[in-house]
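Have a look at the structure below before the remarks.
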Amino acid sequence: MPEQQKEGESAPEAITSGTSVPRRRARRTTLLIAGAAVLGALAGTVTGYAVQYHRAPTPLPPLAQQKMDGPKPAAVNDATSRRSTNAGRWHQADEDLAKKLVDVPGGVQDSFSGPVSADAFAASWYLRPSDAVGGLIRDGIKSVATARWAENDRNFIEVHLLQYRDRSGAEGFQSEMVGYMPEKDYAGNTGKDFPGVPADFGHLWIDSKAHEEPGYHPVRQARALVRRGDIVMVVEYTNNRGDIDEKALVDIAKRQMERL
């Protein structure tokens, strides 16, 4: 029951239809206005797409350099090399690391010097090339360069330069090689520090014994490993009579270090 009106208080004014608007009708009007705004924006977007659809496409501006300069693949003959016959596989940036390779001596046999792809290096270095390529890519391999030659059909030398995108990739390759070289299938010993290089950056191994098979000459190998920043240098010296000239290996490795 409503409270009785106190004396002196005036009664509230009556709400008439001409002086006030019901609250429900005001909310409905607001929703209608918002819906009309959304429909208007949607109609404008559809109209814009329809107009653009019927217009002819605007041609792109011409490239600043219509044709990239580069060597054309050459036919195989006495003057060609692996690089000239596969010119499309090489990039100008690959020249930088290849220029740091030690010079191949004159008068040697089966010589090569230049950049190589990561898969080609993996095929010549690892027992499982398909797995190794993925590891090289994950470690951030940037470029690989190789120089190799043969001396008197007895000594075979290979120099590999591996450049990574940062120092951690080079450190990973170095630590992995230091870990497996003492195994029996490789050098079979812990090796020794490379002369003139801190122990953490260089090492040298000579096989404990030659690898012998019936009908073949005894093969013995030595390896020098040096890391400089993000570049790893590996020099392999192989002799097919079982004799290793350690001085010759160290000399090649030091000349390669000077180039780096």
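The values are calculated or read from the model by the stated rules, or taken from the named source; none is laboratory data. The shown structure was predicted, so the numbers you read here are calculated from the model rather than taken from an experiment. Note that we place each Cβ from the backbone using ideal geometry, even for glycine, and neighbour counts take in every protein chain shown. Calculation scope for accessible area: heavy atoms of the full protein, side chains included, ligands and nucleic acids excluded. Shrake-Rupley method; radii C 1.70, N 1.55, O 1.52, S 1.80 Å.
Listing for the model above:
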item: Residue-span extension gain [Leu60 to Phe201] - 0.36 nm each, minus C-alpha spacing; result: 45.5 nm
item: Heavy-atom SASA rank of Tyr164, Tyr186 (probe 1.4 Å, accessible area, largest first); result: Tyr186, Tyr164
item: Three principal axis lengths of segment 107-260 [C-alpha, angstrom, descending]; result: 43, 34, 32
item: Tail weight of P(r) past 16 Å, computed on alpha-carbon pairs of segment 94-189, percent; result: 63
item: Efficiency of FRET from Cβ geometry, Asp166 and His211, R₀ 25 Å, rounded to 0.05; result: 0.10
item: Low-density loop cleavage sites - GluC sites (Glu not before Pro) in segment 141-243, where at most 13 other Cβ are within 10 Å (DSSP); result: Glu183, Glu212
item: Under 15 Å, Cβ to Cβ, from His203 - net charge with Lys/Arg +1 and Asp/Glu -1; result: -3
item: Spread of Cα-to-Cα distances over 5 Å intervals beginning at zero, given as percent, for segment 133-193; result: 4, 14, 17, 18, 22, 18, 6, 2
